[in-house]
């Protein structure tokens, strides 16, 4: 029985989501909380491979459960871009607000029915030494808004309107977002797996 799950990220927004959903099941810790140095993993074009790489970077430092996560925004009018390269879209140093502005500019005045998009999250759970990976995925369908709106959330939340809503993720607030988000869906699948197996 493992008492801790190391989530291989330094992103505080992502950690909040993991802790919120898994809090009653397992203690979620970050590399920073364990005083591990932050390791930059070069991301490729595949969510699962990126998530696996992130988890594997801490295998030698942490003997327990490790979860890597990769997620991205896929915009149909941009042929699925930015996809797994979402964090680096427009340049690594470009602030998130500017990444959002870049996408809004690229989509221009496309009508809402041509602005379909989805957030996709993939988790890779590494189960200790010699253990394999178990993968979990969550998807949130929606559209790209016409303008940047809202102050809650992070990343592309201010330009993404989830299906069934008329406001962006950043306007909906964390309580609703944690219920419907792509990452929340994947984390809930992980939670069910942990309940059954650990």
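The values are calculated or read from the model by the stated rules, or taken from the named source; none is laboratory data. The model shown is predicted, which means the values in this text are computed figures rather than measured ones. Because the Cβ atoms are built from the backbone with ideal geometry, glycine has one as well, and the counts that use them run over all protein chains shown.
Given the criteria closer than 24 Å to residue 150 by Cβ, more than 15 Å from the chain's Cα centre (by Cα) and modelled with pLDDT under 95, does residue 91 qualify?
Values: closer than 24 Å to residue 150 by Cβ: yes; more than 15 Å from the chain's Cα centre (by Cα): yes; modelled with pLDDT under 95: yes.
Criteria met by residue 91.
Taking the conditions exactly as written (surrounded by fewer than 19 Cβ atoms within 10 Å (Cβ to Cβ) and within 25 Å of residue 197 (Cα to Cα)), does residue 12 satisfy them or not?
Working: surrounded by fewer than 19 Cβ atoms within 10 Å (Cβ to Cβ): yes; within 25 Å of residue 197 (Cα to Cα): no.
Answer is no for this residue.
With the condition being free of Cβ contacts under 8 Å to residues at least 60 places away in the same chain, I'd like the strands (runs of 3 or more DSSP E) fully within the range 113-198 carrying at least 3 qualifying residues. Before the answer, list the steps.
Values: elements: 116-127, 133-144, 160-162.
Here the list reads 133-144.
Kindly establish whether residue 105 is more than 28 Å from residue 191 (Cα to Cα), more than 20 Å from the chain's Cα centre (by Cα), modelled with pLDDT of 95 or more and not in a strand (DSSP E or B).
So residue 105 fits the description; yes.
Any residue in the range 1-16 that's more than 15 Å from residue 133 (Cβ to Cβ): show its pairings with residues that are modelled with pLDDT of 90 or more and part of a helix (DSSP H, G or I) at Cβ separation under 7 Å, as long as the two are six or more apart or on different chains.
9/15; 14/183
Filter the range 8-28 for residues that are farther than 21 Å from residue 156 by Cα and either at pLDDT below 85 or in a strand (DSSP E or B) (or both) and give the result.
27, 28
Go through the residues of the range 29-44 one by one and say whether even a single one is surrounded by fewer than 18 Cβ atoms within 10 Å (Cβ to Cβ), out of contact with any helix residue (DSSP H, G or I) (no Cβ under 8 Å at 6 or more places or on another chain) and part of a helix (DSSP H, G or I).
For the range 29-44, residues surrounded by fewer than 18 Cβ atoms within 10 Å (Cβ to Cβ), out of contact with any helix residue (DSSP H, G or I) (no Cβ under 8 Å at 6 or more places or on another chain) and part of a helix (DSSP H, G or I): absent.
Using the structure shown, decide if residue 79 is modelled with pLDDT of 95 or more, closer than 18 Å to residue 44 by Cα and surrounded by fewer than 16 Cβ atoms within 10 Å (Cβ to Cβ). Before the answer, list the steps.
Details: modelled with pLDDT of 95 or more: yes; closer than 18 Å to residue 44 by Cα: yes; surrounded by fewer than 16 Cβ atoms within 10 Å (Cβ to Cβ): yes.
So residue 79 fits the description; yes.
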